[in-house]
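The values are calculated or read from the model by the stated rules, or taken from the named source; none is laboratory data. Because the structure is a prediction, the values reported are computed rather than measured. Positions of Cβ are backbone-derived with ideal geometry, glycine not excepted, and every protein chain shown enters the neighbour counts. We work out accessible area using only protein heavy atoms, side chains counted, and drop any ligands, DNA or RNA first. Shrake-Rupley method; radii C 1.70, N 1.55, O 1.52, S 1.80 Å.
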Amino acid sequence: MSLPPDRDEVEALPRTGGGRGLASILTALRQLAVEALDSGHPLAAAQIAGTADRLEAQAWPLPPRPDYPPR
């Protein structure tokens, strides 16, 4: 099991103007869920994967509303 990076290492990472895109964040969350599962933490893995799924679902556009004729 690897330890999380030190705060200095995280703060030294380059920052981009707009941040990371949603797709890369979802990929990172899903990779973290797999690592948690491989490390013997199934509940944490399920919670992380669930978070990724909820974020993805919230980003979907709403379907168009049907256009019903007036009564």
query: Between a first residue in segment 26-42 that is farther than 20 Å from Glu56 by Cα and a second residue that is not in a helix (DSSP H, G or I) and not aromatic (Phe, Trp, Tyr), which pairs have beta carbons less than 7 Å apart while being 6 or more apart in sequence or on different chains?
result: Ser39/Met1
query: Residues of segment 7-36 being open to solvent by 100 Å² or more (accessible area, probe 1.4 Å) and at pLDDT 90 or above, which ones?
result: Gln31, Glu35
